[in-house]
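Here the structure is laid out as structure tokens; the discussion comes afterwards.
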Amino acid sequence: PGLTPLARIAQRAGFEVVVAAPHRQYSGASAALTSKEVDGRLALVDGRPPGLPDDIPAQGVKAAPALISFIAGYGAFGPRPDLVLSGINLGANTGRATLHSGTLGAALSAATQGIRAMAVSVAASHPQHWETAEMVSERALAWLLEQDADERVLNINVPDVPVGRLRGLRPATLASFGAVQARVKETGKDYVSMTYEGASTREEPGSDHHLLSRGWATATMMRAPVDDHAGLELPSFDAGGTGGTRLEVSTGTVMSSGDDQPSGEVAAD
């Protein structure tokens, strides 16, 4: 259901909108490029978010969010997009745990191609106040469209409260912890058992988690991968090789499962 508010605000902003989204929940996918292929073709399914305007085409894709925005940049769903909106995710994406977010992964994947991108999350697993998230998203999008496109992503988190109870939107820093913490419960010969629980609240005034828990929507800027060795002298040495010949450098490939594998899983070698 969170796809529909973003589609509506993009349409009101004058964009020609296409919805392309994972066919199921893909939480924790980060910027993974996993997919399900049938006979070497990326699998698509019919599907429309509830309440989506009839004039907006929609397509379900059996792939991780980041792969969908990645291939959109190459014309998979029509012309190369000028804007990618990812979400609205069910549950907050705050703190350093945003590293693992599929919602952020899709937006960052677009940003690496020079496409403006915004990720939006609502701080509830079963949101009741979509109108609040839509209002905040629309205001945030208006700001984003005034900025030059670069390799940064606007990350918006919205509390699930009525519009009349929202305190407003504030810039925020990333909390030093994530929304979920894990610990090892048990280890055995062929397994590791983990437990997951909500992170304990820390008082970090100005952080996204702190502000969100007090009724503010938050805005943080996330950056696509860049080299950063400021203040460091990186390791180096000369090995005495003659060089001179240009070598072919192999890069990774998109990880795809076969038709008989569960959706989103990577087939074993």
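What to note about this one:
- Single unsatisfied condition, residue 168 versus (1) touching a Ser or Thr at 6+ places or on another chain (Cβ under 8 Å); (2) at positive phi; (3) of a type outside the set (Ser, Thr, Tyr): (1)
- Residue satisfying all of: in region 113-128; assigned to a loop (DSSP other than H, G, I, E, B) and open to solvent by 50 Å² or more (accessible area, probe 1.4 Å); modelled with the lowest pLDDT among these: 125
- Residue count, region 1-45 (criterion: open to solvent by 60 Å² or more (accessible area, probe 1.4 Å), of a type in the set (S, T, N, Q) and within 19 Å of the chain's Cα centre (by Cα)): 2
- Condition check for residue 84 on (1) under 22 Å from residue 37 (Cα atoms); (2) touching a strand residue (DSSP E or B) at 6+ places or on another chain (Cβ under 9 Å): one failure, at (1).
- Scanning region 140-173 for residues that are in contact with a Leu (Cβ under 7 Å, 6 or more places away or on another chain) and either surrounded by 15 or more Cβ atoms within 10 Å (Cβ to Cβ) or not basic (Lys, Arg) (or both) yields 140, 144, 153, 154, 155, 157, 159, 172.
- Meets criteria (touching a residue at least 40 places away in the same chain (Cβ under 8 Å), in a loop (DSSP other than H, G, I, E, B) and either on the phi < 0 side of the Ramachandran plot or small (Gly, Ala, Ser) (or both)) for residue 76: yes
- Residue check, residue 179 open to solvent by less than 90 Å² (accessible area, probe 1.4 Å) and either at pLDDT below 75 or of a type in the set (Asp, Glu) (or both): yes
- Each residue in region 215-269 was checked for being in contact with a strand residue (DSSP E or B) (Cβ under 8 Å, 6 or more places away or on another chain), modelled with pLDDT of 80 or more and open to solvent by less than 90 Å² (accessible area, probe 1.4 Å), and 8 pass.
The values are calculated or read from the model by the stated rules, or taken from the named source; none is laboratory data. Source: prediction; values computed, not measured. Methodologically, a virtual Cβ is constructed for each residue, glycine included, from the backbone with ideal geometry; neighbour enumeration extends over all protein chains shown. Just so you know, the surface numbers come from the protein's heavy atoms only, side chains and all, with ligands and any DNA or RNA stripped out. Shrake-Rupley method; radii C 1.70, N 1.55, O 1.52, S 1.80 Å.
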